[in-house]
1. Out of everything in the range 370-417 that is touching a helix residue (DSSP H, G or I) at 6+ places or on another chain (Cβ under 9 Å) and of a type in the set (Gly, Ala, Ser), what residue ends up being farthest from Thr135 (Cα to Cα)?
2. For the range 399-421, which positions are under 20 Å from Phe151 (Cα atoms), of a type outside the set (Gly, Ala, Ser) and part of a loop (DSSP other than H, G, I, E, B)?
3. If Ala217 satisfies all but one of (1) among the small types (Gly, Ala, Ser); (2) over 17 Å from Ile274 (Cα atoms); (3) surrounded by fewer than 18 Cβ atoms within 10 Å (Cβ to Cβ), what's the number of the condition it fails?
4. Does Ser162 meet the test of being hydroxyl-bearing (Ser, Thr, Tyr), surrounded by fewer than 22 Cβ atoms within 10 Å (Cβ to Cβ), over 18 Å from the mean Cα position of the chain (by Cα) and over 17 Å from Leu242 (Cα atoms)?
5. When you go through Asp230, Asp196 one by one, which is the residue that is at pLDDT 95 or above, more than 30 Å from Phe409 (Cβ to Cβ) and acidic (Asp, Glu)?
6. Taking the stated definitions as given, is Ala111 among the hydrophobic types (A, V, I, L, M, F, W, C) and either surrounded by fewer than 23 Cβ atoms within 10 Å (Cβ to Cβ) or under 18 Å from Asp294 (Cα atoms) (or both)?
7. For the range 177-210, which residues satisfy the criterion of being acidic (Asp, Glu) and either over 25 Å from the mean Cα position of the chain (by Cα) or loosely packed, with under 15 Cβ neighbours inside 10 Å (or both)?
8. In the range 191-220, how many residues are within 15 Å of Gln167 (Cα to Cα), assigned to a loop (DSSP other than H, G, I, E, B) and of a type outside the set (Ser, Thr, Tyr)?
Amino acid sequence: MKSQNKNRFKAAMVVTAASALLVTSVVTTQASNPADAASAKTKNVILFIGDGMGTAQRDAIRLATVGEKGKLAMDAMPYLGLIHTSSTIPVTDSAASATAYASGVKTYNGAIGMDANKKSVKTIMEYAKDAGKSTGVVTTSQVTDATGAAFGAHVEDRSKQSDIALQLLTKSKIDVLLGGGEDFWYPAGEPGKFKDEPVEDPSEKSKGTQGNLITKAKQLGYSYVTNKTDMQKAKGGKLLGLFANEEMFQQKPEGEGDIYNPVVSLPEMTKKAIDTLAANKNGFFLMVEEEGTDEFAHQNNAKMTIKAGQELDKSVQVAKDFAKKNPDTLVLVLADHETGGFSIEEVNADDESGDGISKEDGPFAIANSKLNFVVDWTTSGHTAVDIPITAMGRNSELFTGVYENTEVFTKLMQSLGYKVK
């Protein structure tokens, strides 16, 4: 802010933001009448959630991957909207946000599939299952963590991950579950494929409270896999894959043991999930989450936040390729909230306002150019800023405009032709 260059840079960012809002309003006016838009029902839904991924994060991922003039797979979509992210308080957590998306209610932070009065609310995946569709959750977090859990479980506290696992198997009966979190499926003292107390994080160890849920899953007809080879070979319509003790990465400040190298990548899990679920002639509903965009932002680690976002974008391309061959498919990309107060700035040694982990990160190269940018942070927590949603495919025009997070559920129900019961 001390230089004219800084002022020009920030002015440009404001113009860019204003332009984005203008595009949103233009697209909104071009959309069909919502009453008519869902006349042809959506068969398949693939919903991507970049946890913690706000507009600035998407911009940084774009700059680092395809440059100023390029387009990410998640941005190269015909429809754009803007979502207010609050829970019952201005700053949401992932549990309340996912409950808003999955069930259409504002609730307290920490709630999974419960309204603000702790009453169970039916999820979009439960509606889809009732309609004969297959359902799936893919994530680089624990499959029982807040975002995935809210699409198929009902608990008052998101920390009850073994309870969530049991519900996913026996209540909502999610067909495909791929991600991390093995620790919550085995009782304490009974390690699974991934050993207790690994060097990378000695706090990780089996801690399940509902018995051996892997044995339970097998009894219920799930194929259980723990590596890429077995996942790719797995047959049948019910698949459980757990590929880490907890998250599929190590979220730490940059250079302090931070690792993003999942044993099975998010694009690989996404493709397997789609291939498995698409066998159902009635269609499917799949939620895919990248957790690294949130966890690394909590550590103010821009390098790994961007890397995780790049893997999310590759996964979106997998879904888009499927949707192009199956035009009755809806593909959505959004976030649950923004994390870190992430901002993109010019490289300027005179403008460093942070200390500790909140110091500027970078510089990062802008692809296809000789330019660079740095990332600055305002918090290691969540913020209340609006987040973008991009959409393509069947009934994607429903998702334009500026609206509350609960409206995502309403629009999904309309797209699928379901009525709230």
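The values are calculated or read from the model by the stated rules, or taken from the named source; none is laboratory data. Note that the structure is predicted; figures quoted are calculated from it, not measured. All Cβ positions, glycine included, derive from the backbone under ideal geometry; neighbour counts span all protein chains shown.
1. Selected residue: Ser380.
2. Once the filter is applied, which keeps residues that are under 20 Å from Phe151 (Cα atoms), of a type outside the set (Gly, Ala, Ser) and part of a loop (DSSP other than H, G, I, E, B), the range 399-421 yields Asn405, Tyr418, Lys419, Val420, Lys421.
3. Ala217 satisfies all of (1) among the small types (Gly, Ala, Ser); (2) over 17 Å from Ile274 (Cα atoms); (3) surrounded by fewer than 18 Cβ atoms within 10 Å (Cβ to Cβ) except (3).
4. Details: hydroxyl-bearing (Ser, Thr, Tyr): yes; surrounded by fewer than 22 Cβ atoms within 10 Å (Cβ to Cβ): yes; over 18 Å from the mean Cα position of the chain (by Cα): yes; over 17 Å from Leu242 (Cα atoms): no.
So Ser162 fails the test.
5. Numbers: Asp196 fails: at pLDDT 95 or above.
Going through Asp230, Asp196 in turn, the sole match is Asp230.
6. Details: among the hydrophobic types (A, V, I, L, M, F, W, C): yes; either surrounded by fewer than 23 Cβ atoms within 10 Å (Cβ to Cβ) or under 18 Å from Asp294 (Cα atoms) (or both): no.
Here the answer is no, as Ala111 does not meet what is asked.
7. Hits for the range 177-210 are Glu190, Asp196, Glu197, Glu200.
8. The qualifying residues number 4.
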